[in-house]
Structure formats: structure tokens, C-alpha cells
Amino acid sequence: MVLNSVISKLSGKLVVLASASPRRQEILRNAGLRFEVVPSWFKETLDKGLFKAPHGYAVETAKQKALEVARRMPLKHLKTPDIVIGADTIVTVDGMILEKPVDKHDAYRMLSSLSGKEHSVFTGVAIVLCHEKQNEEVDYQLVEFYEETKVKFADLSENLLWEYINSGEPMDKAGGYGIQALGGMLVEYVHGDFLNVVGFPLNHFCKQLDIIYNRCTSSSDQESLSFFLSHNGTQTTTILTEPLPNLPAQSRHNSSAKHNPSSSLRPNSPPVSPPEHTQKSPSASPTHEVKRNSSESEVGESSLMLVNSLSKHTDEREAQPRDSENATLPLMTSRGQHEDSGLKKEHLQRVIELMDGFKASKALFTASKMCVFDLLQSRPGLDAAQVAQEIKASVKGTECLLEACVSLGLLKSKERTFQKPAYENTDLASCFLRSDAPFSLQGYIHHCNDTVWPLFSHLESAVRDGTNQHEKAFGKKSKDMFQDTFYNSHSVKLRFMNAMDSIAKVTGKAVATAFDLSSFKTACDLGGCTGAMAYEFTKAHPQLSVTVFDLPAVIEMSEHFHPLCTDNRVSFVAGDFFKDELPKADLYILARILHDWPDDKVHLLLSKIATACTPGCAVFIAETMLDGQTPYSALQSLNMLAQTEGTERTESQYADLLSKHGFGGTRVVHTTNFLDAFIAFKI
Ligand code: SAM
């Protein structure tokens, strides 16, 4: 077994850990496993007296936890996991099962019963493999095993006992101690897997994955098996009864496949109760036990089991013959409730994603505005309370915001034993969301939050009236937002320029390199704003000089945005492109200009460009073209409706507009980087 290859088999799969234990999460994360945490709602109330051996109880609890999550996720989370991992750790001493203490006295009772003695720690693990079928049924395949580790405690004095109890550490731990922290001081020796005592037998788990993915992968292996089907109401229980050829003898345990209709798998059915005796069906293969020698103790049983069959006991397994040809890999099918009610799950999921889209946007805007990404860039690893203090916000609210950002892939959280999770930026946030990143989109995010968001909240009026919504959103009518709204206030102007600058930096290179422009010596970037696009053009074309032409209010501020090593091939001229004479150039660049205006204004501008051009000169348009009808361009068009009186257009609409002013020979490049590039030549 090569650890990496085993764990990597799970990459791209939705792996879910049905446990809230930070220690389990840490063990699995440290092993490189990527997974979601969905704590199980299964109440650990199985009757321990029904189990002949304590590990049966741990395995059954692990199984019920995993199955509860596997069944709940398609219904409540609207996604079906590929794998759900459940685990339950118990401590046994003198025939008693110790779980988590309920209070300090319970902790005292547990710890004093362990004092000076050897005890066993069992972790039962259940791996539920979910196979979603076309008809929205889900097959569940269960693999379960347990690991035992022996631990010997030193003699504990009363003082030591109470000191440890008063540290608070025992309270959420099976047996009332945590071996990885202060509790380690109580321990004389450990025989077996240490991580098993912490809460998860990683080594055995990886071996089990190896069996599942490396030695039993071909679907034909599974398809060649025959099934015994039993229908019960809306669900089907499938029991595999034929041998699974590729399973190695050392690691297989098959259950005797007794089908128990009363315990079949209804999504909300209560957990099955363990039987007192296991019976073998005539078609079932013999049970096979494996012992794994991780210590002197007998440890490491594994089994591929029928989901609604029950935990087996060691003595029963030992009584049965080994037969490597007769392992079984049972499957269970439960019919999706969505299908029953005529719902298409993926459609429902899509609708909910769309309905929730605004919440995700606002969470991003809020975190950006409150400088969360900047803070975590300079000080990664802060917990929620520390972030709250820095951003001057409530701990409760900050926790919610940070967790929302984690769920959206903007932040990562690291679980830490005995400490609150620590947060840090994901690569995405480092690259685009911190303010000092070369491709920071922070300026555009703030524009979206402060300008686009209020305008979009009046979208219905925009659609009804076909006009921009400045008056409703900002209390001021605007025919020309650049002259009427944006540049009247210094802060709004700066925000808008920041927004344009950030988008131009992200999209500029793809636009500037879309065509060979080596025949052009001079260009004029009309409405070139901060010059960000112009700098990209001069970087891409060493022979080219670019004049940025924009309104005086913009030009006077543009120097704040100049790159540190300024390029003297970029110059700035103030003016109004509807009124003033345009600077002379071979190439006129219109980057996100025409979409701001209705056709009459576009014609006015193009006529002025045409007058300034001689044959061979060209117009270069950078816009989101509507042709592909991607959500981005179509939504951008709605944005133009609410914000300006303009619109996004198709390639042929631009070609049409230009042809009326003597431009032809158009070429288009779809850059896949938000803006498409379009060039047309003066004939
Ligand atoms: N081209 C830039 C880019 O792609 O990042 C900025 C595009 S922004 C949507 C529109 C630009 O046109 C603004 O910088 C604005 O100031 C400028 N603008 C608007 N009306 C103008 C006018 N009448 N004359 C000159 N520039 C104008």
C-alpha cells in the first residue's frame, strides 16, 4: 500500500466525515485527505447489552452515524456524497464500555477505573460508498472494521486525577482522557495504533481504501456479482451473495447475509437493532476473520458488510472457515425521495444555488469590505475571536462570516486540538481578494457592493421601464452617470476608478495580445480611465505609444494609479469624447466604452473616430460579446440596463454599427477572460 496513491484515489470524490471530532478531522487532514465535515445526527443510544463484544457496539454506532449522513445529504444538502466515513471510539475496562463523561464526577469515575490498569480502546469505522444511479436511486455499499489498542495507565493519585479533570480536557473524550495532550502524562504504555486512541485508526483505514480502490476497482468485478433483491415499500435492499474475486484473503470479512426486512433502509428509518445471533443464509459466503498484528493484542478486524445486517462478534468469526473465494460485498439501494415526488434533484439544486447566489456575493463583499482577506494574508492562523477583535466586529458574526467564506472556498479553516479553528486565505483569496495582490479585484468588489448591488435591487423597475435606476438607488436622476453621478464625489470617483483598474489589470493582457498590432505605431485609448489597459498594450507591443483620453475629473486622478516604473509611451489627455476633438492615432481602443451607451451615442462617438481615421486605421473594441449567451455576458447586459442606458451587444451588432462609419474587415477573438476582442479597419 502506498499511502499517497490510496488517498489520491479519493481526490475528486465528495468525501464526507460524519464526525464533529476535531481530532479525527486533524488526523485525516494531516494525511492529505480532502473532505467535508457533516456531523451525524445519529444519537448514540444503542443498547450496549445487546452486543456480545464491545467493538460490535463501536462498529454499529459508526455505521449508523455514517448511514444517517449518507441518507440525509441527498435530501437536506441536495448532493450525494461519494463516500461517508463514520467512526466511534470507546474505551473498555473490566467489561465496561466507557464513552464520554457527562460531568466531572463521571470523568472521575472513569479515570479512577482506569488507574493502574491496562484497558482497550476500540474505534469502529464504517465507510459507506454511495453510488448514485440514473434513476436517482442511491446504492450504499458498506465497509466496516475496527481497531483495538491497549493502553496502560499509571497509578493516578487523587490530586493528579482532579488536577486533570479540572483542566477540562476529559469532557469530550471517550474514557475521559486525551492521549495526545495532557492525558498523555497518565499513560505508561501503548500497544497498537496510537492514532486509534486519539480517535481514528489511520493505518487500518488506508489499508481498507487500498482494498476498495486498488484491488477491487473494476466495475465488472462488481457487476459480475449477482444480487439478491428484496423490495420493501419504497426502498430496495440489495444483498450481494456471490464471491468478490479480487479481495485479498487477509483483509476480507464477509457477513453472513441474513436479510432482515424490518431493518431495511428507509431514509428515515431508525437504526437497526443488533441480533443476538448471526445466522447464515444458504447463499451467503462464510465469514472470514483477519487478525492484524499491530501489537501483542488482537486488533484490526475488517469486514465488507451488508448494510442492514449486523455487527459480528469475534467468536463467531473465528468459528468460521477462511475462504478467500467467498467474500461478499453487499449493496443496498434506497429509492430517492425526489424521484417519488417527481422532483429532479439537480434542477432543484440549481434553483437553490441561484436563489442563494446573492448571499454568497454579499458574504464575499462583506468580508472584503471588512478587510478579512488582508488581515489573514498578513496574519494567517487567527481564530474567529482574534479576527473579530481586529475587524472590530462581534465574535458571533465574525464566526458566521468566516465559516461562510470557508464554505465558499475563500478561506481555509484548520481544526486544532483544544483550540478554536484557525483561518487563512485560500490561493484564490491570496491571488484576487487581498488589496495588495497584483490581480486584486478588491476595487471591483467594492464597486459591486456599493453601486451595482443597490442598482440591482431595483432590477424589476429597470426591466419595466427600460431605464437605469440611479434615481431609485441613489436619489439622483442620471442620464450620463460619468458626468452626473460617478465623478461628483471624490470617494465615488476613486471607487469607480479602482474598479475599472482592477478589471483592466486582470483582463488587459488577454485583450492586448489578441491580435498582431505590429503595424500600428500610435493608439488612443478612449475612456482609458487609469491607464491600466494602455499599459498592457504597450507591454505587449513594443512599437506602440498609447494616449489615454478621458474626462478631466478622471485624468486629474489617474496618476495615483500609474505603475511604479512608468512607461513614457503612455500619455494622458483630458477631454470629452462626445464633444472634443480626438487625439490623432492609428488605432482607437474602446475598452468597455460602447456598452455604456445607447446606439445614438455610439453612432456619435464612432462618427468622431471615423473623422479622425484614415484608411488602414482601426477600431479595437474590448467588450463582453453576447453571442455565446454565457451567464456572464447576459447578466452584464442586465447590469448595463440598470446602471447606464447602454447594453452588451453581439459581434454582428458591433460590425453593423461600425460598417455605417466606413469600417470593415472585422475580426473577433474570444479571449475567455471576460472581455472579447474585436477589430475593424477603416476602408
Ligand atoms: N476603458 C476603461 C477600462 O476598460 O477599464 C474604463 C471603462 S469605464 C466603463 C468608462 C470610461 O469612460 C470611464 O473611465 C469614463 O470616465 C470614461 N468616459 C465616460 N464618458 C466619457 C466622455 N464623455 N469622454 C471621455 N471619457 C468618458
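Ignoring ligands, DNA and RNA, what percent of the 1.4 Å accessible area of the stretch 467-682 is carbon and sulfur? Don't skip to the answer; put the middle values down first.
Working: 4950 of 8990 Å².
That fraction is 55 percent.
Sequence neighbours fewer than 8 away in the same chain don't count; with that in mind, list the lysines whose C-alpha is under 22 Å from K412.
Result set, ordered by chain and number: K13, K79, K359, K362, K369, K392, K396, K420.
What list of ³J(HN,Hα) values in whole Hz, one per residue of the stretch 439-446 in order, does the Karplus curve 6.51 cos²θ - 1.76 cosθ + 1.60 (θ = phi - 60°) give from phi, with Gly and Pro shown as x?
So the J values, rounded to whole Hz, are 10, 4, 9, 4, x, 6, 4, 5.
Check the straight Cα-Cα distances from K479 and name the lysines below 22 Å, setting aside those fewer than 8 residues away within the same chain.
Once the sequence-local lysines are set aside, what remains near K479 is K493, K579, K601, K608.
Please give the per residue volume of the convex hull enclosing the alpha carbon atoms of the stretch 100-196, rounded to a whole number of Å³.
Numbers: hull volume 11.0 nm³, N = 97.
Once divided by residue count, the hull of the stretch 100-196 is 114 Å³.
Any chance you could get the radius of gyration and Dmax over the Cα atoms of the stretch 563-657, in Å?
Reported Rg and Dmax, both Å: 15.0, 41.
Step through the residues of the stretch 578-584 one at a time and calculate ³J(HN,Hα) from phi using the Karplus curve (6.51 cos²θ - 1.76 cosθ + 1.60, θ = phi - 60°), rounding each to whole Hz and writing x for Gly and Pro.
Going residue by residue, I get 8, 10, 8, 5, 8, x, 6 Hz, with x marking Gly and Pro.
Once you compute Rg and the Kirkwood Rh from C-alpha atoms, what is the Rg to Rh ratio for the stretch 142-203?
That ratio is 1.03, to two decimals.
With θ taken as phi - 60° and the coefficients 6.51, -1.76 and 1.60, list the Karplus ³J(HN,Hα) couplings across the stretch 676-683 in order, rounded to whole Hz; mark glycine and proline as x.
Each residue of the stretch 676-683 in turn: 9, 10, 9, 10, 9, 10, 6, 8 Hz.
Can you give the accessible area per residue of the stretch 467-682, in Å², using a 1.4 Å probe?
The answer is 42 Å² per residue.
Principal axis lengths of the stretch 498-630 from Cα atoms, whole Å, largest first?
Rounded to whole Å, the extents work out to 39, 36, 31 Å.
Take the Cα atoms of the stretch 1-140, find their three principal axes, and give me the spread along each one in whole Å, biggest first.
Projected onto the principal axes, the Cα atoms of the stretch 1-140 cover 54, 33, 27 Å.
The values are calculated or read from the model by the stated rules, or taken from the named source; none is laboratory data. If you're wondering where the values come from, they're calculated on a predicted model, not measured in any experiment. Side chains included, ligands, DNA and RNA excluded: accessible areas come from the protein's heavy atoms. Shrake-Rupley method; radii C 1.70, N 1.55, O 1.52, S 1.80 Å.
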